[in-house]
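Shown next, in structure tokens, is the structure this report addresses.
The values are calculated or read from the model by the stated rules, or taken from the named source; none is laboratory data. Note that this is a predicted model, so its numbers are computed, not measured. Note that we place each Cβ from the backbone using ideal geometry, even for glycine, and neighbour counts take in every protein chain shown. Please note that ligands, DNA and RNA were not included when accessible areas were found on the heavy atoms of the full protein model with its side chains. Shrake-Rupley method; radii C 1.70, N 1.55, O 1.52, S 1.80 Å.
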Amino acid sequence: MKDNIALIGFMGSGKSTIGRVLAKFLDMKFVDIDRLIAAREKKTIPEIFAEKGEAYFRKLERDIVYEESLENNIVIATGGGVIIDNENIKALRETSYVVYLDCTIDCIYDRVKNSKTRPLLNVENMYDKIKDLHSKREILYKISADYTVKIDKSSNMYDTAEKIKQAYIYGNNLLTWTNYTGYDPELSGGVLTPGKDSSKYPRKREFGFGFNIGF
Ligand code: S3P
């Protein structure tokens, strides 16, 4: 059983808001990677980007994602760019059920258009920038996720959190059982039992793909 849940998705897709609700529903601790980065540096995210640059931010992000992936029973809200570094995805997928919040472009734009806290969107034509970045990143969100939940302007955070909770409880079991590679007489009946902890069984590493794209 992967006992963490990591939420991935574009800026403004609701990772922090839904993450908090989900953590309450499942009685798990909630952590937000951007908040941890800001706390460690004692600076805001825009300050880190302006004073130290994006590469510095990405290094901090990688370190903190790795540290948090070693925790147990936590819901992790990641930053929208977490998927551009395959080290992050490897670390998260090792211990976390990864959920993609697949939010429509219009919904993203609506939520971020007045925000000044996202340096990458601090540009003349924010809508076009979102569309462009989203089209480059979309494939990475999709292939990194164990489960994808669709979000649009009519979505409600409680319903979305409930969907993720169900997927985590049932889907996560299926996933880890499917990855079982050894033999155990207990399993030979072929009955999948939702809720059963399969962590004691050997698991193969799920994948390791080699991208590290700078966008
Ligand atoms: C980023 C997303 C931000 C933050 C930073 C970079 C990105 O987080 O990590 O500004 O590259 O998409 P949110 O997704 O929480 O806005």
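Numbers for the structure displayed
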{"item": "Residue check, Ala39 surrounded by fewer than 23 Cβ atoms within 10 Å (Cβ to Cβ), on the phi < 0 side of the Ramachandran plot, part of a helix (DSSP H, G or I) and free of Cβ contacts under 8 Å to residues at least 40 places away in the same chain", "result": "yes"}
{"item": "Any chance Leu120 is assigned to a helix (DSSP H, G or I) and either more than 28 Å from Leu60 (Cβ to Cβ) or more than 11 Å from the ligand (Cβ to nearest atom) (or both)", "result": "no"}
{"item": "Matching residues in segment 17-36 - criterion: being in a loop (DSSP other than H, G, I, E, B) and open to solvent by less than 80 Å² (accessible area, probe 1.4 Å)", "result": "Met28"}
{"item": "Among (1) open to solvent by 60 Å² or more (accessible area, probe 1.4 Å); (2) touching a residue at least 60 places away in the same chain (Cβ under 8 Å); (3) closer than 12 Å to Met11 by Cα, the one test that Lys136 misses", "result": "(3)"}
{"item": "Failed item, numbered, when Phe57 is tested on (1) open to solvent by 30 Å² or more (accessible area, probe 1.4 Å); (2) aromatic (Phe, Trp, Tyr); (3) within 14 Å of the ligand (Cβ to nearest atom)", "result": "(1)"}
{"item": "Condition check for Asp110: touching a residue at least 40 places away in the same chain (Cβ under 8 Å), over 18 Å from Asn4 (Cβ atoms) and part of a strand (DSSP E or B)", "result": "no"}
{"item": "Selected residue (only one of Asp32, Asp85 is modelled with pLDDT of 95 or more, within 13 Å of the ligand (Cβ to nearest atom), touching a strand residue (DSSP E or B) at 6+ places or on another chain (Cβ under 7 Å) and within 24 Å of Ser135 (Cβ to Cβ))", "result": "Asp85"}
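A quick yes/no check of all residues on (1) crowded, with 20+ Cβ neighbours inside 10 Å; (2) within 15 Å of the chain's Cα centre (by Cα); (3) within 14 Å of the ligand (Cβ to nearest atom):
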position: Ser69; (1), (2), (3): no, yes, no
position: Thr95; (1), (2), (3): no, yes, no
position: Ile108; (1), (2), (3): yes, no, yes
position: Tyr127; (1), (2), (3): no, no, no
position: Asp146; (1), (2), (3): yes, yes, no
position: Ala161; (1), (2), (3): yes, yes, no
position: Tyr170; (1), (2), (3): no, no, no
